[in-house]
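Only the coordinates and a few stated rules stand behind these numbers; no lab work does. Everything numeric here is computed off the predicted structure, so don't read it as measured data. Note that each Cβ is placed from the backbone with ideal geometry, even for glycine, and that neighbours are counted across all protein chains shown.
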There are 2 protein chains.
Amino acid sequence: MDEKEFFCRRSEQPDDGVYVSTCPVTYALGIIGQKWKLPILWHLFPREATRYNELKRSVRGITNMMLTKSLHELEEHGLVERRQYETVPPRVEYSLTPRGRSLFPTLKELYRWGEEQMRLDELRKA
Amino acid sequence: MDEKEFFCRRSEQPDDGVYVSTCPVTYALGIIGQKWKLPILWHLFPREATRYNELKRSVRGITNMMLTKSLHELEEHGLVERRQYETVPPRVEYSLTPRGRSLFPTLKELYRWGEEQMRLDELRKA
DNA sequence: CAGTATCCTGGTGGATACTG
DNA sequence: CAGTATCCACCAGGATACTG
């Protein structure tokens with residue numbers, strides 16, 4: 001990845017007016033950029049598996065709708081795995097796949113930068 | 001930054017119903033997460049300075065409204081610097097601050113991960 | 001050239017109720 | 001327990017026109 005190749009490329013499709021991004025950063029944000037994705041992943045990171053309702057309790061403020069939708073999307077992208085036990089009452093557990101865990105170093109970088117920015121912004125306000 | 005400290009914390013303020021995120025990742029995405037921020041930064045990265053209209057031409061599809069708004073916000077957060085020359089017609093140049101450039105390693109990480117995900121998704125479709 | 005000022009649309013995310 | 005099904009509000013982002 002040299003510098004010239006790094007910068008965002010967009011492929012233009014004038015026929016239907018649709019721009020398809022081929023930019024990996026945009027692609028990544030499309031996977032983890034929505035409101036609840038990261039809070040969910042955060043809860044899963046340090047754990048083996050988590051049940052639906054435990055997740056719902058831990059991710060403050062999330063509704064069934066959003067939790068279900070987010071989990072589906074994360075599953076579709078292969079970051080999260082759903083395991084269902086055929087018991088009564090039902091028991092469903094969610095866990096990170098290796099692919100989900102591969103996000104950790106990247107998030108750590110983002111965390112580091114964000115933390116730096118928070119400190120700098122604090123200093124400017126003071 | 002140990003693992004326990006890493007995960008997202010939100011401070012709850014029940015009085016006005018507002019949740020203020022103290023999570024550095026959320027903070028970072030609040031700065032660079034909007035639609036046009038990264039495309040703009042991308043154009044600035046390999047350059048010394050760029051004029052307003054050059055930026056507008058390069059960032060495909062952006063309107064005056066969005067370009068102006070995004071640049072203002074980037075300036076507020078100290079990532080971008082605006083320099084105005086008192087000539088007729090006016091000449092305004094935008095460039096990255098050191099703080100803006102400090103984003104580069106982080107973006108490279110996100111790029112790397114996103115690229116990996118794109119390849120994996122391609123393989124699954126095939 | 002480098003922006004502002006208005007007005008408006010669409011779609012993310014939320015509220016609420018219901019169920020295998 | 002672990003979800004669906006409907007309906008809805010809000011605001012990021014866009015279209016268009018105008019200007020120092």
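Return the total of residues in the stretch A:78-126 being part of a helix (DSSP H, G or I) and not aromatic (F, W, Y).
Our first condition is that a residue be part of a helix (DSSP H, G or I); within the stretch A:78-126, this holds for A:98-101, A:104-125.
Of the ones still in play, those that are also not aromatic (F, W, Y) are A:98-101, A:105-110, A:112, A:114-125.
Matching residues across the stretch A:78-126 total 23.
For the stretch A:31-43, indicate whether the set of residues that are part of a loop (DSSP other than H, G, I, E, B) and either more than 14 Å from DNA strand C (Cβ to nearest atom) or among the polar types (S, T, N, Q) (or both) is non-empty.
yes
Between a first residue in the stretch A:105-122 that is at the interface with chain B (Cβ under 7 Å from one of its Cβ atoms) and a second residue that is among the hydroxyl-bearing types (S, T, Y) and part of a helix (DSSP H, G or I), which pairs have beta carbons less than 6 Å apart while being 6 or more apart in sequence or on different chains?
Listed pairs, sorted by first residue: A:E109/B:T106; A:L110/B:T106; A:W113/B:T106; A:G114/B:Y27; A:M118/B:Y27.
Just checking, how many residues over the stretch B:48-99 are within 14 Å of another protein chain (Cβ to nearest Cβ) and within 24 Å of A:L120 (Cα to Cα)?
Total meeting the criteria: 12.
Take A:L107 and decide whether it is more than 24 Å from B:I40 (Cα to Cα), within 14 Å of the chain's Cα centre (by Cα), hydrophobic (A, V, I, L, M, F, W, C) and surrounded by 17 or more Cβ atoms within 10 Å (Cβ to Cβ). Steps first, please.
Values: more than 24 Å from B:I40 (Cα to Cα): no; within 14 Å of the chain's Cα centre (by Cα): yes; hydrophobic (A, V, I, L, M, F, W, C): yes; surrounded by 17 or more Cβ atoms within 10 Å (Cβ to Cβ): yes.
Considered against the rule, which asks whether it is more than 24 Å from B:I40 (Cα to Cα), within 14 Å of the chain's Cα centre (by Cα), hydrophobic (A, V, I, L, M, F, W, C) and surrounded by 17 or more Cβ atoms within 10 Å (Cβ to Cβ), A:L107 comes out as no.
In the stretch B:56-77, what residues are outside any loop (DSSP other than H, G, I, E, B) and either within 8 Å of DNA strand C (Cβ to nearest atom) or over 26 Å from A:G114 (Cα atoms) (or both)? Spell out the reasoning first.
Initial filter on the stretch B:56-77 (outside any loop (DSSP other than H, G, I, E, B)): B:56-58, B:64-76.
Once the filter is applied, which keeps residues that are outside any loop (DSSP other than H, G, I, E, B) and either within 8 Å of DNA strand C (Cβ to nearest atom) or over 26 Å from A:G114 (Cα atoms) (or both), the stretch B:56-77 yields B:K56, B:R57, B:S58, B:N64, B:M65, B:L67, B:T68, B:K69, B:L71, B:H72.
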